[in-house]
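Here the structure is laid out as structure tokens; the discussion comes afterwards.
The values are calculated or read from the model by the stated rules, or taken from the named source; none is laboratory data. What you see is a predicted model; the values in this text were computed from it and never measured. Positions of Cβ are generated from backbone atoms using ideal geometry, with glycine treated the same way; all protein chains shown enter the neighbour counts. Surface areas here come from the heavy atoms of the whole protein model, side chains and all, with no ligands, DNA or RNA. Shrake-Rupley method; radii C 1.70, N 1.55, O 1.52, S 1.80 Å.
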Amino acid sequence: DKGNYKHFMAKEIHEQPEVLGHTLSRYLDYGAQSAKVAGADKIKFKDLSRLVISACGTAYLAGLVSKYWFEKYARLPVDIDIASEFRYRETPMSDKDSALFISQSGETADTLASLRYCKEQGAAIGAVVNVPESTIAREADVVFQTIAGPEIGVASTKAFTCQLTVLAALALQAGRERGVLSAEDEKKLVAELTEVPSLALKALASEQAIEKLSQTLSQATNALYLGRSTSFPLALEGALKLKELSYIHAEGYAAGELKHGPIALIDENIPVFVIAPYDRIFEKTVSNMQEVAARGGRIVLITDQKGAAESGNAAQDTVILPEMSDIVAPIIYALPVQMIAYHTAVFMGTDVDQPRNLAKSVTVE
Ligand code: M6R
């Protein structure tokens, strides 16, 4: 049931404040102000030399965000790859490695094959899945379920942000178990994560502005998304969503890679989405943005008030989100990214919930 929404995707985007709240309460102990992930002991974070992560599509991009978290908050090296590559790569593994697989459906063929490879190698297997009775959930040693509820739209929206939420909690849990995250820092990060549902609600308030600029975007044939750090996977996610829903060709790049090739694409016809919360690397992203502006690129900056004030006049359009801490930013910035793809697709008149050539669950390789 779509309720009052035109599409399942719209409904699922708007469900995020609620389902993120459900997912947080499963994995955080609000009283103790700590991460509390049942079954995390199976992953043996304390003794790990490496965490291997594998998934497909948007689930892979959730994993890519978590690499920044595991490395920063838990000093845990992460090796992440898309499952279709990982499964044939014959990566060496030891009993000092554990593996994590991320999947909304829990049925994705390549992700399952990667899981089986790691299992054969003797690694402990964790799965972040939304469907608890799925094959991936059954074959894992431990399941960290996302409490997103059923996701009907082919585009992953609420499943993605719930995956990020589970992974953030896991990174804090790993940090504590590895003795690198102080109780004080954990408390602070948990308090920040607690803000996610209300921040998500505020992010949804940017929808009208996004709808307006999506109308212009729907005339473009190419688009570029840029970001650094955890905004880099979001740039990839923005491009993936736009492609799959509106059939507009889009690429996501790490902002620092711009001058290594993609800057040659810039002209006045290409919209460039810059995802840049005001953080420690904001200045770097802004200088890349100015390079785009100098070549006539049409910039849409997604940032906060501070970022907007510090960005000069390079952007034609700005989507303003509330100010927020580093750990929550990729979860919340996912929402405007989803809404841009959604509204552009609606303007294009494509089949939003069931884009051509795509299936919700990819059970063949
Ligand atoms: O069910 P899974 O999470 O394993 O699916 C993985 C991808 O097929 C999926 O995320 C796909 O990229 C989405 N359609 C993206 O919106």
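Table for the structure above
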item: Heavy-atom accessible area order for Cys56, Cys162, largest first, 1.4 Å probe; result: Cys56, Cys162
item: Positive dipole terminus of the stretch 299-365, leading residue within Tyr342, Ile320, Asn357 (C-beta point charges); result: Asn357
item: Charge dipole magnitude, Cβ of K and R +1, D and E -1 - the chain, Cα centre, debye nearest 20; result: 220 debye
item: Table column - 3J(HN,Hα) (Hz), the stretch 269-281, Karplus curve with 6.51, -1.76, 1.60, x for Gly and Pro; result: 8, 9, x, 10, 8, 10, 9, 8, x, 6, 9, 5, 10
item: Fully extended contour minus Cα-Cα distance, from Tyr5 to Asp41, at 0.36 nm per residue; result: 8.8 nm
item: Dipole axis of the chain (+1 Lys, Arg; -1 Asp, Glu on Cβ), positive-most option in Ala137, Gly126, Tyr60; result: Gly126
item: Test item: Cα-centred dipole of the stretch 183-222, Lys/Arg +1 and Asp/Glu -1 on Cβ, debye; result: 220 debye
item: Cα-derived Rg to Rh of the stretch 26-88, Kirkwood definition; result: 1.02
item: Descending semi-axes in Å of the stretch 201-247, equivalent ellipsoid built from Cα gyration tensor; result: 18, 17, 9
item: Compactness of the chain as Cα Rg over 2.2 N^0.38 Å, two decimals; result: 0.94
item: Residues with amide H under 5 Å from that of Ile270, placed H, sequence gap 5 or more; result: Arg298
item: Solvent-free Debye scattering, log10 I(q)/I(0), computed from the Cα coordinates of the stretch 1-145 at q = 0.13, 0.17, 0.20 Å⁻¹; result: -0.61, -0.99, -1.29
item: Relative frequency of Cα-Cα separations exceeding 24 Å in the stretch 227-332, percent; result: 16 percent
item: Solvent accessible area, Å² - Arg356, 1.4 Å probe, full protein context; result: 140 Å²
item: Residue among Ala155, Ala329, Ala38 with the largest mean-square fluctuation in a Gaussian network model of the chain, springs linking Cα atoms under 10 Å; result: Ala38
item: The chain: DSSP helices with Cα axial extent of at least 24 Å and average Kyte-Doolittle hydropathy no lower than 1.0; result: 329-348
item: Semi-axis lengths (Å, descending) of the ellipsoid that matches the C-alpha gyration tensor of the stretch 218-283; result: 20, 14, 10
item: The chain: most fluctuating residue of Ser114, Ser287, Ser34 per GNM, C-alpha cutoff 10 Å; result: Ser287
item: Solvent exposure ordering (accessible area, 1.4 Å, most first) of Lys212, Lys284, Lys2; result: Lys212, Lys284, Lys2
item: Listed residues Arg50, Arg280, Arg116, Arg75 arranged by accessible area, highest first, probe 1.4 Å; result: Arg280, Arg75, Arg116, Arg50
item: Rounded to whole Å, sorted largest first: equivalent-ellipsoid semi-axes of the stretch 283-365, Cα gyration tensor; result: 30, 17, 13
item: The stretch 87-181: C-alpha pair distances exceeding 16 Å, %; result: 57 percent
item: Listed residues Ala99, Ala113, Ala309, most fluctuating in the chain (Gaussian network, C-alpha, under 10 Å); result: Ala309
item: Coil-residue GluC sites (Glu not before Pro) of the stretch 222-323, DSSP, other Cβ within 10 Å capped at 15; result: Glu268, Glu323
item: Assigned charges on the beta-carbon of Lys, Arg, Asp, Glu; the stretch 249-365 dipole about Cα centre (debye); result: 80 debye
item: For the stretch 131-277, projected area of the alpha-carbon convex hull averaged over all directions, nm²; result: 11.8 nm²
item: Relative contact order computed over the stretch 22-118 (Cα-Cα under 8 Å; 6+ residues apart), in percent; result: 31 percent
item: nm² value of the averaged projected area, convex hull over the Cα atoms of the stretch 142-202; result: 5.3 nm²
